[in-house]
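Let me begin by presenting the structure, written as structure tokens, before commenting on it.
The values are calculated or read from the model by the stated rules, or taken from the named source; none is laboratory data. From a predicted model like this one, the values you see are computed outputs, not experimental measurements. Cβ placement follows ideal geometry from the backbone for every residue including glycine, while neighbour counts extend to all protein chains displayed. Accessible surface areas use protein heavy atoms only, side chains included; no ligands, DNA or RNA. Shrake-Rupley method; radii C 1.70, N 1.55, O 1.52, S 1.80 Å.
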Amino acid sequence: AKWFPYNKGGEFRKWYGNNTYLVNWERDGLELKKYVAERYGSYSKEIRSEDRYFYESITWSGVTTGATGFRYSPKGAIFDSGANGLFAKDGRVLKYLLGFLNTKLVIDFVQYKNPTINTGSGTVGKIPIIVRDEYLDEVNSLVNECINLEKYDWDSEEKSWEFKTHPLISIRKEINPQLIRNNVQIKECYTHLEALYEDRFQRVKRNEELLNKIFLNIYGLQNEFNTTVDDRYITINRTNIVKEVKSLVSYAVGCMFGRYSLDVEGLAYAGGDWKEAYATKYKTFIPDADAIIPITDEEYFKDDIVSRFVDFIRIVYGEETLEENLKFIADALGNKGDTPRAVIRNYFLNDFYKDHCNTYSVTGSGKRPIYWLFDSGKQNGFKALIYIHRYTPDTIGLIRSVYLHNAQAAIQNSLQNSEYIISTTTSATERARETRKKDKYVKQLNELRPYYQALSHIALQRIPMDLDDGVRKNYQLFQGVEVSTEGKKKQTIDLLAKI
């Protein structure tokens, strides 16, 4: 294998999670060790404790401005000083230690022994530990439930490696487990989901307070602390209607590209034989054939992202509740628009890609989107999403010859229509409205001319991508394209939206 889970700290989180990074450890890290040795003269001072790699452990963020959250790390991960490892020969003792480390006692002890923002293995190693066999089973039971609840919480988001399906879809099946086309209100699904998340939150809080009580008794400090845990120290999520709806939209886009499927759990496609996946994994909702989905400010195409999204909601939740569900989604998104579809269109046009980049980002490492937005500029002349795992050297050519060409033709037709109305109407209001639209179309067409040149230049190169090079390096292949226009200075065009 080449890529392995890599514990590297992250935000404050207890029990489970922050599983975000991978590291190239092929052939016992041969390439990484070579890189470190060339940079520092020796890799052994930088890559330490290899004998502990891949063991079950407790991990935590080495740098934190508040309380330290200790998490369970299953077998299979590598770690560094950004997320230290604590090990035990007996798995039951490991869970016992995890329960102790997430108590009030340890929060105060760590802050007393080390008031800086760095909580390394040396600080944790100074914590006095009392292991009482008679409490092992009780503590382990509470800790295992906390781990499982936090794991459910972490895996409910698509950035998790073990994400299966969106919660508003999985809970929809629990409400009405029959055929997928039965009519269900998303509002009803959200109400059930809200209750489920709140129950998980309260169970984790109850367990943490019981652990506080157990360890305060073991250490004889029951009169020095109370057992109450403040809600802000519970790291399991409560529902947020905006967050849930936006993530449902993101999941729908994943289904449009074939990353996810309504017929299989988890990743349906993230590389490999697309033809085989297409033939076997998608029956309920069929992915886009060429993995290029246009986003337009007006309804120019029958298969644009809005129409595909509406089809997705119809298929998942039913025809009879479609309009009600679209309104629920639009109200949560809160964008401008006279109708739910217009609100959804404006969300895709203005905010979806920003939200996607924020979802696929890691503190300190930047944004790593898996859907890329081809974007002509501020006038919204042309936008289209692609999925990097379905990119081929022919993708740019298709974007140019099919989608950009059709967008230009549609805008040109709209311009001519506005000009005709302006010349024939007797209504001053209508003339003013069409004049504004005409000005918009002219600006869009002016924006598209150099963009078309840049896209043509890259299309002819049929650029391949090696995803092992990462998003940042591959993204730059499509940025900073120089184009020349007769009588004007050279322009530098970015084909993709800036991240």
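Summary table below
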read-out	value
Residues being surrounded by 14 or more Cβ atoms within 10 Å (Cβ to Cβ) and closer than 21 Å to Asp297 by Cβ - total across the range 414-435	10
So Gly82, is it touching a Lys or Arg at 6+ places or on another chain (Cβ under 8 Å), modelled with pLDDT under 80 and open to solvent by less than 40 Å² (accessible area, probe 1.4 Å)	yes
Single match in Asp439, Asp469 (criterion: surrounded by fewer than 19 Cβ atoms within 10 Å (Cβ to Cβ) and at pLDDT 95 or above)	Asp439
Selected residue (criterion: surrounded by the fewest Cβ atoms within 10 Å (Cβ to Cβ)) from residues of the range 313-332 that are closer than 15 Å to Phe348 by Cα and in contact (Cβ under 8 Å) with a residue 24 or more places away in the chain	Ala332
Of the criteria (1) open to solvent by 10 Å² or more (accessible area, probe 1.4 Å); (2) at pLDDT below 95; (3) in contact with a Cys (Cβ under 9 Å, 6 or more places away or on another chain), which one Asp297 fails	(3)
Count of the range 21-52 residues which are in a loop (DSSP other than H, G, I, E, B) and modelled with pLDDT under 90	9
Single residue of Thr435, Thr426 found to be free of Cβ contacts under 8 Å to residues at least 60 places away in the same chain and not in a helix (DSSP H, G or I)	Thr426
Hits in the range 338-380 (condition: of a type in the set (A, V, I, L, M) and modelled with pLDDT under 95)	Val362
Out of Gln444, Gln412, Gln408, Gln476, sole residue that is more than 28 Å from His356 (Cα to Cα) and part of a helix (DSSP H, G or I)	Gln412
